[in-house]
1. Tell me the residue from Ala41, Ala57 that is surrounded by 11 or more Cβ atoms within 10 Å (Cβ to Cβ) and at pLDDT below 95, please.
2. Exactly one condition in (1) surrounded by 13 or more Cβ atoms within 10 Å (Cβ to Cβ); (2) in contact with a Ser or Thr (Cβ under 8 Å, 6 or more places away or on another chain); (3) free of Cβ contacts under 8 Å to residues at least 24 places away in the same chain is false for Lys99; which is it?
3. Would you please name the residue that is farthest from Ile11 (Cα to Cα), looking only at residues in segment 102-118 that are surrounded by 12 or more Cβ atoms within 10 Å (Cβ to Cβ) and in contact (Cβ under 8 Å) with a residue 24 or more places away in the chain?
4. Restricting attention to segment 88-96, does a residue exist that is over 20 Å from Met1 (Cβ atoms), surrounded by 16 or more Cβ atoms within 10 Å (Cβ to Cβ) and either in contact with a His (Cβ under 9 Å, 6 or more places away or on another chain) or in contact (Cβ under 8 Å) with a residue 12 or more places away in the chain (or both)?
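The values are calculated or read from the model by the stated rules, or taken from the named source; none is laboratory data. Keep in mind it's a predicted model, so treat the numbers as computed, not measured. Please note: Cβ atoms are built from the backbone with ideal geometry, for glycine as well, and neighbour counts cover all protein chains shown.
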Amino acid sequence: MDIVFLRGLRIDTVIGIYGWERRTRQTLVFDLEMSADIARAAASDHIDDTLNYKSVAKRLIQFVGDSEFQLVETLAEHCARIIREEYGVRWVRLTLNKKGAVRGASDVGVVIERGERY
């Protein structure tokens with residue numbers, strides 16, 4: 001299994017359970033690792049033969065930007081589902097970082113893996 005990755009994808013959205021969080025957009029940071037077989041793309045040198053990380057990024061920017069979930073867990077689950085279902089990815093590891101959510105901590109969030117890694 002090969003891995004296509006995307007790190008540090010910053011997306012502004014409404015997220016959180018507190019009133020002040022619901023009134024302002026916050027920046028979330030995503031790191032993604034997605035299974036892919038890149039052998040065909042390596043041989044053809046053609047974008048249609050690989051997992052297009054720009055397309056994945058644009059889709060997540062649209063979805064997350066329009067969302068208003070309360071929990072990062074819920075948002076992470078929906079994003080993983082989009083990646084798996086819409087892009088045919090068998091396995092994904094998604095890290096969602098809600099920087100500054102806890103005073104004294106630089107990072108807080110979730111890491112989820114969905115699908116079969118092989």
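1. On the way: Ala57 fails: at pLDDT below 95.
Going through Ala41, Ala57 in turn, just one is surrounded by 11 or more Cβ atoms within 10 Å (Cβ to Cβ) and at pLDDT below 95: Ala41.
2. With (1) surrounded by 13 or more Cβ atoms within 10 Å (Cβ to Cβ); (2) in contact with a Ser or Thr (Cβ under 8 Å, 6 or more places away or on another chain); (3) free of Cβ contacts under 8 Å to residues at least 24 places away in the same chain applied to Lys99, the lone miss is (3).
3. Arg117
4. Checking segment 88-96: at least one residue is over 20 Å from Met1 (Cβ atoms), surrounded by 16 or more Cβ atoms within 10 Å (Cβ to Cβ) and either in contact with a His (Cβ under 9 Å, 6 or more places away or on another chain) or in contact (Cβ under 8 Å) with a residue 12 or more places away in the chain (or both).
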